[in-house]
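In what follows, a single structure is set out as C-alpha cells and then discussed.
Coordinate-derived values only; no laboratory data. If you're wondering where the values come from, they're calculated on a predicted model, not measured in any experiment. Glycine gets a Cβ as well: all are built from the backbone with ideal geometry, and neighbour counts include every protein chain shown.
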Amino acid sequence: MKIVECVPNFSEGRDREKVEAITREIASVGNVKILDMEMDASHNRSVVTFTCEPQYAVEAAFRGIRKASELIDMDSHQGEHPRFGSADVIPFIPVSEVSLKECVDLANQLGKRVGEELKIPVFLYSDAALAENRKNLENIRHKNFQYEQLKTEIGKGDYIPDFGPLELSKAGASIIGARDFLVAYNVNLRSQDMEIGKKIAKALRAKDGGLSFVKALAFYLEDKKCVQISMNLTNYKKTPVYRAYEMVRLEASRYGIEIMESEVIGLIPLDAIIESSRFYMRMNSFKSNQIFEKKVWE
C-alpha cells in the first residue's frame with residue numbers, strides 16, 4: 001500500500017482549540033490518519049503528523065494550511081522558534097511504496113494551490129527546492145530572518161517565492177518540501193546561559209564541523225527557565241540519537257553544566273530507540289525481532 005507522511009508545523013502552541021480545529025480539517029480528508037499532535041508553548045508552535053495514501057495528501061495539507069491562515073495572525077505571533085507563517089513548514093516524507101520524487105511532486109502541487117487559491121507566498125525547500133540555496137531550511141528562514149524581516153524583503157533577491165504573491169498577509173508565507181525521515185530531538189540543560197548554549201549548538205552542527213546530519217540551535221525556554229539545544233537529526237541511522245545526546249553531555253560538561261532532560265518532538269522510528277538501548281544497556285547482540293510488541297504487530 002502506498003503511504004506518505006506529512007508533518008506540518010503551525011505557528012500556534014498555546015491555544016489548543018485553534019490547533020485542534022486545524023487538525024480536524026486535516027483529518028476530514030480521505031483515509032488520513034492523525035498519528036500525533038504536539039504543542040510547545042515556549043516555541044509557540046505545533047507539529048502535526050499524519051499519514052495517508054498520496055492522492056489525499058495535498059488536499060489534507062491544503063485544508064490545514066487554509067484553516068491556520070484563518071486562525072493565526074502572524075502580526076501578533078511571538079515565540080522562540082523561527083517562523084515565516086501560520087503554516088510554517090510542510091514536508092512530505094515517503095513511507096511505503098512511495099518515492100522521494102513522488103513527494104517532490106506533491107510539494108509542487110500543494111505549493112501551487114496555496115499560492116494561487118490562498119494567496120500565500122510559498123518557498124520550496126529540501127528535495128523539492130528549485131534553487132540550490134533553498135535546499136537547507138536554515139538558508140531560507142532562521143533566527144535572524146523571520147516573518148518580520150520577510151515583510152520588507154519579499155520579492156527581492158533570494159526572497160522571490162516559487163508560488164504566490166510578492167507580498168504577505170497576516171498568514172505570512174509557507175515553506176513546503178519533500179525529505180526523508182528525520183528525528184526532532186531536544187536536550188534541556190540545567191543552565192540559563194544562552195552564550196554557552198550557542199557554543200554547544202555550534203559544536204554539534206554539521207555545517208560548523210560537528211556531527212554529520214545534525215542541525216542544532218540554542219533556545220531559552222521561559223517556562224522552564226533553561227537553555228534548550230534543539231536538534232534535527234536528518235539521518236538517524238548514520239548519526240543516532242544517543243550520539244547526539246552524548247555530544248551535548250560532553251560539551252556541557254566543559255562548562256560544569258548537567259542535562260536536565262531530553263525529548264522527542266513528533267514521532268521517532270522504533271529502530272532509533274533500539275539503537276539507543278543497545279548503546280546504553282550494552283546489548284550489542286540485541287535484535288529488533290526480540291521485541292514482543294513487534295512480533296505481535298507482524
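Quick notes
- Too-long pairs where the Cα-Cα distance tops 23 Å, listed order kept, from Lys67/Lys156; Lys33/Lys237; Lys237/Lys294; Lys119/Lys156; Lys135/Lys170: Lys67/Lys156; Lys33/Lys237; Lys135/Lys170
- Relative to the current alpha-carbon distance between Arg24 and Glu138, full extension at 0.36 nm per residue lengthens the span by 38.1 nm.
- Per-residue ellipticity at 222 nm, computed for the chain from helices alone with -39500 (n - 2.57) per DSSP H run of at least four residues, works out to -10000 deg cm²/dmol.
- GNM top mover of Arg45, Arg190, Arg179 - the chain, alpha-carbon springs below 10 Å: Arg190
- For the chain, a Gaussian network of Cα nodes joined below 10 Å ranks Met39, Met247, Met74 by mean-square fluctuation, and the top entry is Met247.
- Full extension of the chain between Glu167 and Tyr255 gives 27.2 nm of extra length, using 0.36 nm per residue less the Cα-Cα distance.
- The charge dipole of the stretch 85-165, taken about its Cα centre with unit charges on the Cβ atoms of Lys, Arg (+1), Asp and Glu (-1) only, comes to about 240 debye.
- Separation in nanometres of the label points that stand 7 Å from Cα toward Cβ, at Asp73 and Asn284: 6.1 nm
- Cα-based shape type of the chain, given that a ≥ b ≥ c are square roots of the gyration tensor eigenvalues and the cut on a/c is 1.5: oblate
- Within the chain: Cβ-based charge dipole about Cα centre, in debye rounded to nearest 20 (Lys, Arg +1; Asp, Glu -1): 760 debye
- Top of Ser262, Ser96, Ser285 by mean-square fluctuation, Gaussian network on the chain, Cα under 10 Å: Ser285
- Distance between the stretch 194-238 and the stretch 15-50 - C-alpha centres, whole angstrom: 25 Å
- Taking amide hydrogens as placed 1.01 Å from N in the peptide plane, the amide H of Leu211 sits under 5 Å from those of Arg205, Ala206, each at least 5 positions away in sequence or on another chain.
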